[in-house]
Amino acid sequence: MLAQIMPGTEELLQKEMVTAYLGTDPTADSLHIGHLCGIMMLRHLQHCGHKPIILVGGATGMIGDPSGKSQERNLLNNETLYHNQECIKNQVAKFLDFDSKEANSAEMVNNYDWMKDFTFLDFAREVGKHITVNYMMAKESVQQRLNGTARDGLSFTEFTYQLLQGYDFLYLYKNKGVKLQLGGNDQWGNMTTGTELIRRTLGNDVETYALTCPLITKADGKKFGKTESGNIWLDRNRTTPYKFYQFWLNVSDDDAEKYIKIFTSLDKETIDALVEEHRQDPGRRVLQKRLAEEVTVLVHSREDYDVAVEASNILFGKSTKDSLQKLDEQTFLDVFDGVPQFEIGKDQLGQPAVEVFTQAAAVFASKGEMRKLVQGGGVSLNKEKLQQFDRAVTEEDLIGGKYLLVQRGKKNYYLVIVK
């Protein structure tokens, strides 16, 4: 989980209770799994007796950080930022203890609180004079934007970002005793600007430190946290617990071995035993199953995990109509995402199955073919064997009041949507 670490950081952590912070921009009302490495670092920190602070960048979020970006971000208004901040706190509370009576209880702060009354002239005088343009220009994140393929170059607004982030560190050092900043490795330039600003402002004997985690990638080198259809979010309304669980269940063996060390709180002995067991028989996917269980329970709940497992079994195991009825609509649609779909009107209900599934919805090529398959026990409606090809399909058959699930053989599913 370590990418870069300033000399002396480890000694500091051994010596005293350290207050450390990690910043996140509230550009959405949910974190995604790309944020999880940093959040897990805070979790480990608190478990080891140190004090974690999560900083929501209400001010910096209005500007946008150029690190790792090829173009400038959209700017957000106050109302959106506040909403996003509250949602993020609720998510992070599953990882950190904000209610502890101990000295290392987690805190959330918003840099808008100390930036909103800071005038431009004050900022230029109190912050800007300490860091030279030469120093700022040398940062890799700035160089990439200046020399890269960005059409619009680098705006002054974004150029000042590292000063703003640096001032956060200075403010938190002075007001909260923060000595350590954590972040992703793309933040190293901004973080060292913070330690430099503190040194130049308060004197060379002030000691502050920075520690980064690697930007997590998949075995193929692609950035972690993205899929074909976009991010895997921590918010269940953006990514259902079932889809979240499936993401972890389907990672490669190499990735599972790496991720279980980063995204769970399992101890080394447990992980080593799981890795060994997995290598004996990779087909059982022991690592992926345990990884998916740990992260889904941590981000969502044990109940959500159980539902996700049951939903997964619908496609591959023995399940019943009751299993289908238990799923909420979004999870149901996620489970059958990609299967062929047909739409029919409610007026088609009441007809024999052989009419509905050959005429209204062409699941079967002909009535003769469907008859033959039903007689051979090869057709199921809502996970129950269809005994008679001419039995009426009624409203009582509908899942969630609008779906019929037809199964042909073991693996071929068809979703009929009744409108």
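Hey, if you drop one equal point scatterer on each alpha-carbon of region 91-163 and run the Debye formula without solvent, what base-10 log of I(q)/I(0) do you get at q = 0.22 Å⁻¹? Debye output, listed in q order: -0.96.
Checking the a/c ratio against 1.5 first, then a/b against b/c, what shape does the Cα gyration tensor give for region 71-226? It comes out rounded by the Cα gyration axes. Its convex hull of Cα atoms gives region 121-192 a direction-averaged projected area, equal to a quarter of the hull surface, of 5.5 nm².
For Glu140, the solvent-accessible surface computed with a 1.4 Å probe is close to 130 Å², ligands and nucleic acids excluded. On a per residue basis, the chain carries 50 Å² of accessible surface, using protein heavy atoms and a 1.4 Å probe.
Shape summary of the chain, radius of gyration then Dmax from alpha carbon positions: 27.1, 88 Å. Counting protein heavy atoms only, the chain has 47 percent of its accessible area on carbon and sulfur, 1.4 angstrom probe. Using a/c under 1.5 as the rounded threshold, could you call region 208-312 rounded, prolate or oblate? The axes a ≥ b ≥ c are square roots of the C-alpha gyration tensor eigenvalues, and prolate needs a/b larger than b/c, oblate otherwise. Rounded, because the longest to shortest axis ratio a/c is under 1.5.
Residues of region 260-290 falling in the label zone of Asn250, defined by backbone nitrogen less than 20 Å from a point 7 Å along Cα to beta-carbon, are 260, 283-290. Size descriptors for region 221-268, from the alpha-carbon set: Rg then Dmax equal 11.6, 34 Å.
Put simply, when 184-195, 108-119 are sorted by average Cβ atoms within 10 angstrom per residue, most first, you get 184-195, 108-119.
Rounded to whole numbers, the Karplus 3J(HN,Hα) couplings from phi for region 384-395 are 10, 4, 7, 7, 10, 5, 9, 6, 5, 9, 10, 4 Hz, using 6.51 cos²θ - 1.76 cosθ + 1.60 with θ = phi - 60°, and x at Gly and Pro. Taking a ≥ b ≥ c as the square roots of the eigenvalues of the alpha carbon gyration tensor, region 147-285 is prolate, as a/c is not under 1.5 and a/b beats b/c. Listed cross-link partners Lys318/Lys372; Lys372/Lys411; Lys243/Lys321; Lys326/Lys367 are compared with a 25 Å cut-off, the Cα-Cα value being larger for Lys326/Lys367. Packing here is the average count of other Cβ atoms within 10 Å per residue, and on that basis the peptides 375-385, 338-348, highest first, run 375-385, 338-348.
The values are calculated or read from the model by the stated rules, or taken from the named source; none is laboratory data. Keep in mind that what you see is a predicted model, and the values were worked out from it rather than measured. Virtual Cβ from ideal backbone geometry, glycine too; neighbours counted across all protein chains shown. Heads up: the accessible areas ignore ligands, DNA and RNA and are worked out on the full protein's heavy atoms, side chains in. Shrake-Rupley method; radii C 1.70, N 1.55, O 1.52, S 1.80 Å.
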